[in-house]
Amino acid sequence: MKKLQDLITDEKIIHQGKSQIVKGISNNTEKVDKDYAFFAIKGTKFDGHNFVEEAIKKGATTVFIQQPELAEKIKKSFPDVNIVFSENTRKSLAIAANKFYDEPSKSIKILGITGTNGKTTVSNLLAQYYEMAGYKVGVIGTINYRVADEVISSGHTTPDPIEWFKTLKTMKDKGANVVVAEVSSHAADQLRVYSTIFRGGVFTNLTQDHLDYHKTMENYFLAKREFFNQIQLFNPNAIASINLDDPYGKRIYQDFKDKIDTITYGLENGDFRIKDYKLSLFQTEFTAYYQGKDLTFKTNLRGFFNILNIASAVSLLIKDNFELDFLVEATQKLKPIKGRFEVVEGKNFICVVDYAHTPDALENILKSLNAIKQNRIITVFGAGGNRDKTKRPLMGNVAERLSDIVILTSDNPRDEEPMDIINDILEGITDKSKVIIEEDRRKAIEKAVKIAKDNDIVLVAGKGHETYQIVKDKVLHFDDREVIEEILKEL
């Protein structure tokens with residue numbers, strides 16, 4: 001419970017109501033209760049200003065609006081309600097949520113990871129390094145929200161501001177002194193983490209995704225850039241780790257090198273530079289050059305892209321004053337991340353479950369598999385419904401180039417017809433003789449496993465850690481790894 005005045009910064013109270021007490025905050029009328037403050041936000045589908053009256057009837061005694069013309073109407077019908085005008089109710093919601101939950105980022109170290117690919121892996125790797133160094137770590141991300149081994153809730157990339165600050169406070173109350181979080185482009189664009197004091201941020205890469213929302217790659221980039229703008233805005237002593245091989249990473253580095261204490265990494269560029277590497281099915285080894293020294297890292301994480309994931313985590317930790325010897329030793333103890341290059345042993349062949357659901361991520365995993373393959377690669381994948389359609393043929397092209405057999409199937413079709421999605425993917429494939437079409441994902445995986453020969457690799461891509469399939473308005477249980485194991489038992 002807070003006083004209204006304690007939640008306000010630049011906003012203006014244009015009508016003072018009866019009660020100045022705020023017992024909760026919400027931007028969703030379904031979650032409004034007595035003495036709540038309701039924030040009217042114009043979203044992509046709905047405009048919260050159309051639901052102000054409903055919020056008041058449900059108990060809201062304060063409303064934040066950015067359409068001042070509504071004030072007289074609200075005041076006339078509900079004279080006891082506080083009306084607060086804001087230039088930007090999204091920003092006001094984030095600031096108010098931060099204050100309502102006692103500004104948790106002031107007393108815990110928070111690190112944000114952004115980029116198209118690698119956010120989940122880098123977040124979890126950072127968490128492991130900090131845990132090995134003796135910290136109690138919270139993780140906010142796609143797989144789940146957890147403190148140490150205690151899962152607080154199921155995950156999504158970045159929650160709304162209310163859930164974000166509430167989760168940070170919960171983690172602080174549970175003893176976390178470090179929180180590692182994935183920060184999506186949507187979150188940065190919608191100011192979900194605005195006013196958070198981040199100790200640092202990581203930029204992994206930027207490749208095509210989410211153009212259904214951002215429309216252009218430049219808009220997508222600007223959303224990622226906004227995250228670093230927010231970091232430097234609220235912490236003049238922040239640190240950052242940036243992939244300098246990525247052209248968008250170079251732009252972020254140029255924009256913020258004088259505002260954020262930055263370290264860069266990459267294969268071709270960077271302060272922390274990968275010199276050479278060895279890939280195998282069981283271990284990865286690489287040498288990095290940093291400040292005149294060659295450092296050799298060994299890890300059980302597989303695939304070239306995990307070298308870059310480790311490099312991004314290690315470089316940030318160097319900036320956070322970790323010893324190099326500790327980082328080399330700790331890297332050997334890193335555990336694989338669920339649904340990221342997750343290997344299931346078959347009979348004389350292997351299956352790999354991976355979350356790759358963008359053209360770049362699919363290319364990365366397939367290139368890594370090609371580097372260690374002994375026979376054929378059989379790739380099973382689809383594309384999500386109601387999402388960026390332009391990436392579908394690009395994924396088809398990648399799968400055709402880097403696989404011996406491609407099995408196209410469903411992957412969260414949502415409101416679209418699975419065959420429409422499959423046909424979009426097919427547009428990027430020239431040699432249709434390599435393609436098997438099976439709408440039913442379980443049957444598609446079963447086909448792949450049954451045609452696998454000695455030393456083949458079956459890649460099941462797109463869902464990774466997910467344990468569901470979204471079809472129309474239903475969320476059905478589906479776990480790629482579980483399905484593979486069941487099919488293997490039947491062979």
Seminar exercise, completed: The one condition residue 80 fails out of (1) at pLDDT below 95; (2) over 20 Å from residue 162 (Cα atoms) is (1)
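Among helices (runs of 4 or more DSSP H) lying entirely in the range 25-125, which contain 2 or more residues that are of a type in the set (A, V, I, L, M, F, W, C) and under 20 Å from residue 227 (Cβ atoms)?
Details: elements: 52-57, 71-77, 89-100.
Hits in the range 25-125: 89-100.
Being within 30 Å of the chain's Cα centre (by Cα), at pLDDT below 95 and surrounded by fewer than 22 Cβ atoms within 10 Å (Cβ to Cβ): is that true of residue 18 here? Please lay out each step first, then the result.
On the way: within 30 Å of the chain's Cα centre (by Cα): no; at pLDDT below 95: yes; surrounded by fewer than 22 Cβ atoms within 10 Å (Cβ to Cβ): yes.
Criteria not met by residue 18.
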Problem set entry | Answer residue from the range 71-94, given it is among the aliphatic types (A, V, I, L, M) and more than 14 Å from residue 49 (Cβ to Cβ) and is surrounded by the fewest Cβ atoms within 10 Å (Cβ to Cβ) among those | 81
Problem set entry | Filter result (over 30 Å from residue 324 (Cα atoms) and more than 16 Å from the chain's Cα centre (by Cα)) within the range 132-166 | 151, 152, 162, 165, 166
Exercise. Can you find even one residue in the range 240-249 that is surrounded by fewer than 19 Cβ atoms within 10 Å (Cβ to Cβ) and of a type in the set (A, V, I, L, M)?
Worked result: no
Exercise. Restricting attention to the range 117-138, does a residue exist that is at positive phi and assigned by TED's automatic domain parsing to the domain that holds residue 234?
Worked result: yes
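Mind counting the residues in the range 95-129 that are of a type in the set (Phe, Trp, Tyr) and crowded, with 24+ Cβ neighbours inside 10 Å? Steps first, please.
If we filter the range 95-129 for residues that are of a type in the set (Phe, Trp, Tyr), which is where we start, we get 100-101, 129.
Restricting the remaining residues to those that are crowded, with 24+ Cβ neighbours inside 10 Å gives 129.
Count: 1.
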Exercise. Say we look at the range 275-305 and pick out the residues that are of a type in the set (A, V, I, L, M, F, W, C), within 29 Å of residue 221 (Cα to Cα) and touching a helix residue (DSSP H, G or I) at 6+ places or on another chain (Cβ under 6 Å); which of these is surrounded by the fewest Cβ atoms within 10 Å (Cβ to Cβ)?
Worked result: 304
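Could you tell me whether residue 314 is among the β-branched types (Val, Ile, Thr) and over 20 Å from residue 204 (Cα atoms)? Let's see the steps before the verdict.
Details: among the β-branched types (Val, Ile, Thr): yes; over 20 Å from residue 204 (Cα atoms): no.
In short, no.
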For this session: Can you tell me which residue within the range 429-448, out of those that are under 30 Å from the mean Cα position of the chain (by Cα), of a type outside the set (Asp, Glu) and crowded, with 18+ Cβ neighbours inside 10 Å, is nearest to residue 348 (Cα to Cα)?
Result: 448
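Among the strands (runs of 3 or more DSSP E) contained in the range 253-317, which hold 3 or more residues that are within 24 Å of residue 233 (Cβ to Cβ) and within 23 Å of the chain's Cα centre (by Cα)? It would help to see each step written out before you state the result.
Values: elements: 261-266, 272-279, 284-290, 293-299.
Result: 261-266.
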Problem set entry | Tally, over the range 456-491, of residues that are at pLDDT 95 or above, more than 23 Å from the chain's Cα centre (by Cα) and farther than 18 Å from residue 439 by Cβ | 8
Exercise. Out of all the residues in the range 438-491, which are within 19 Å of residue 375 (Cβ to Cβ) and in a loop (DSSP other than H, G, I, E, B)?
Worked result: 452, 453, 454, 455, 456, 491
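The values are calculated or read from the model by the stated rules, or taken from the named source; none is laboratory data. Remember, it's a predicted structure, so these values are computed and weren't measured experimentally. Counting neighbours? That spans all protein chains shown, and the Cβs are built from the backbone with ideal geometry, glycine included.
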